[in-house]
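Input: a single structure, listed below in structure tokens.
The values are calculated or read from the model by the stated rules, or taken from the named source; none is laboratory data. Note that this is a predicted model, so its numbers are computed, not measured. Because the Cβ atoms are built from the backbone with ideal geometry, glycine has one as well, and the counts that use them run over all protein chains shown.
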Amino acid sequence: MLYLYIVALSGALLYQDSHIESLYTVNYILCFIIVLAFHAGANLINTYYDFQTGVDQVATADDRTLVDKTVLPSTVLKTALGCFAVGLSAALKGLTIAPFDDATPALALLGLSMGLSFFYTANPLNLKGLGLGDFTIFMCFGPLLMSGVCLATCGKLVTAVL
């Protein structure tokens, strides 16, 4: 749940430095929904691909859901994709009301965030397997997350938040 604190911290810093007038905006609330949906989707994709690639074994898995056959792998995958769809829908809705003229940086940030969270363990990239797991987590829960909140709420990147 650390990521929700990061969204809150980003909003507080933007408000404190007068970059936004209020935290009671649709886009700020959408930030929480987007982050929650992407994080849930990423966790489920991680569970799915760790099972599919044999990382999670009956004897060693810390996530027992698939190895104990509690839930079908297809259900986990569909739920993960549903979570990403919810996050993407919320992000696209936010883009229609965001306070900026050019949505290109926000779209690039959205694509990068979705790609990193999906390919953390998903093939063919499997960033975690390539030794880029810590870097991916840092980027998703650090600069990318805080940049997204900045763009969504005030339409620009604010160096004090980053």
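Could you grab me the full set of residues in region 39-69 that are surrounded by fewer than 20 Cβ atoms within 10 Å (Cβ to Cβ) and within 17 Å of the chain's Cα centre (by Cα)?
Matches in region 39-69: ALA40, ASN43.
Can GLY94 be described as at pLDDT below 95, surrounded by 15 or more Cβ atoms within 10 Å (Cβ to Cβ) and either small (Gly, Ala, Ser) or touching a Gly at 6+ places or on another chain (Cβ under 7 Å) (or both)?
yes
Just need a number here: residues in region 98-156 that are small (Gly, Ala, Ser), touching a Cys at 6+ places or on another chain (Cβ under 7 Å) and either assigned to a loop (DSSP other than H, G, I, E, B) or closer than 24 Å to TYR49 by Cβ (or both).
Residues that pass the stated criteria total 2.
Six or more apart or on different chains, Cβ under 7 Å: which pairs go from a residue in region 2-28 that's under 16 Å from PHE38 (Cβ atoms) to one that's among the aromatic types (Phe, Trp, Tyr) and assigned to a helix (DSSP H, G or I)? Could you list them?
If the second residue must be among the aromatic types (Phe, Trp, Tyr) and assigned to a helix (DSSP H, G or I), the pairs left are LEU2/PHE141; TYR3/PHE141; LEU4/PHE32; ILE6/PHE141; VAL7/PHE32.
Which condition breaks for LEU127 when tested against (1) at pLDDT 95 or above; (2) in contact with a Gly (Cβ under 8 Å, 6 or more places away or on another chain); (3) surrounded by fewer than 16 Cβ atoms within 10 Å (Cβ to Cβ)?
So LEU127 meets the others, but not (3).
What residue, of LEU112, LEU72, LEU36, is at pLDDT 95 or above and surrounded by fewer than 14 Cβ atoms within 10 Å (Cβ to Cβ)?
LEU72
For region 20-37, does any single residue satisfy the condition of being aromatic (Phe, Trp, Tyr), farther than 30 Å from PRO124 by Cβ and in a loop (DSSP other than H, G, I, E, B)?
Yes, some residue in region 20-37 is aromatic (Phe, Trp, Tyr), farther than 30 Å from PRO124 by Cβ and in a loop (DSSP other than H, G, I, E, B).
Determine, yes or no, whether THR136 is under 20 Å from LEU88 (Cα atoms) and modelled with pLDDT of 95 or more.
yes
Which condition number in (1) over 16 Å from the mean Cα position of the chain (by Cα); (2) closer than 27 Å to TYR24 by Cα; (3) surrounded by 15 or more Cβ atoms within 10 Å (Cβ to Cβ); (4) touching a residue at least 24 places away in the same chain (Cβ under 8 Å) is the one that ALA103 fails?
(4)
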